[in-house]
Amino acid sequence: MPRVSEAEKKKSRKRILDAAARLIRENGVEATSVADVMTAAGMTHGGFYRHFANKDELVRAAFQEAVDRSVGAMDVPEAEGAREEARKRYVATYLSQEHVESRGTGCPIAALGAELGRGHGAAKKEAAASVDRVAALLADGDDKQEGYEKLALLVGTITLARLVDDVVTRELILDAGATAFKRSTS
């Protein structure tokens, strides 16, 4: 059997993480099996264990990957207002109909927070660390309380908007969240 290069192994792991990050946000952790992830990644179930010891490790890594992608554009130096501009773009995208409808590529905290809060070992710890990280990026300076307030507002808004099928009501919820966010920054 030919040996797989490190580059190929990394590429395969990324395909698995991409598939897992999307599927667990769309369907939840419990409803997503390792077989589902591997099928979506275009790989065999047996290949999973070359990359992860178990499903919990996969969920933790997929959650981290999803958070990195979700907030990566906001994680910029504070210099010259760059972070503030990145934050504005992030919030505008976050509080959009597209984000409401794109659960599989959206905020993993909003999609999985309640489920992971019920306990999933390393994945729950990763989620808690991610809450801290995102709150810090949303805060002005070192004001942790402000960061948590802003994150709670965003996650709450998107969660409520996803509960409603009526597009007009969704827009009202998203607008209310955007208005409250603007108030919190002035």
Stretch gain in nm, segment ALA122-ALA180, where the contour uses 0.36 nm per residue and the Cα spacing is subtracted = 17.6 nm
request  = Along each of the three principal axes of the Cα atoms of segment 123-186, give the extent in whole Å, ordering the values from largest to smallest.
outcome  = 36, 34, 12
query = Can you flag which of LYS11/LYS150; LYS144/LYS182; LYS88/LYS144; LYS10/LYS124; LYS9/LYS144 are past 29 Å Cα-Cα?
reply = LYS11/LYS150; LYS9/LYS144
key: Pairwise label distance in nanometres, ASP140 with GLU26, each label 7 Å out on the Cα-Cβ vector   = 4.1 nm
query = From the residues VAL134, LEU116, ALA161, which one has its Cα farthest along the dipole of segment 55-185 in the positive direction, the dipole being from +1 and -1 charges on Cβ of Lys/Arg and Asp/Glu about the Cα centre?
reply = LEU116
inquiry  = Can you sort PHE52, PHE63 from fewest to most other Cβ atoms within 10 Å of each residue's own Cβ?
reply    = PHE52, PHE63
ask   = Out of segment 49-158, which GluC sites (Glu not before Pro) are coil in DSSP terms and have no more than 11 other C-beta atoms within 10 Å?
value = GLU78
key: Debye, to nearest 20: dipole size of the chain, +1 on Lys, Arg Cβ, -1 on Asp, Glu Cβ   = 720 debye
request  = Quick one: order ILE109, ILE16 by neighbouring beta-carbon count within 10 Å, fewest to most.
outcome  = ILE109, ILE16
key: Cβ-based exposure ranking for HIS51, HIS99, HIS45, in which fewest neighbours within 10 Å come first   = HIS45, HIS51, HIS99
key: Convex hull projection area averaged over all views, segment 1-119, Cα basis, nm²   = 9.0 nm²
message = Can you compute the FRET efficiency between VAL168 and ALA114 using 1/(1 + (r/R0)^6), with r the Cβ-Cβ distance and R0 = 25 Å? Round to the nearest 0.05.
response = 0.45
task = Take the Cβ-Cβ distance between ALA7 and HIS45 as r, set R0 to 22 Å, and report the resulting FRET efficiency rounded to the nearest 0.05.
result = 0.45
message = If the elastic network links every pair of Cα atoms under 10 Å, which of ALA41, ALA92, ALA53 fluctuates the most in the Gaussian network model of the chain?
response = ALA53
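Read the figures in this text as sums done on the coordinates, not as results from a lab. This is a predicted model, so every value here is computed, not measured. Don't worry about glycine lacking a Cβ; one is built from the backbone with ideal geometry, like all the others, and counts go over all protein chains shown.
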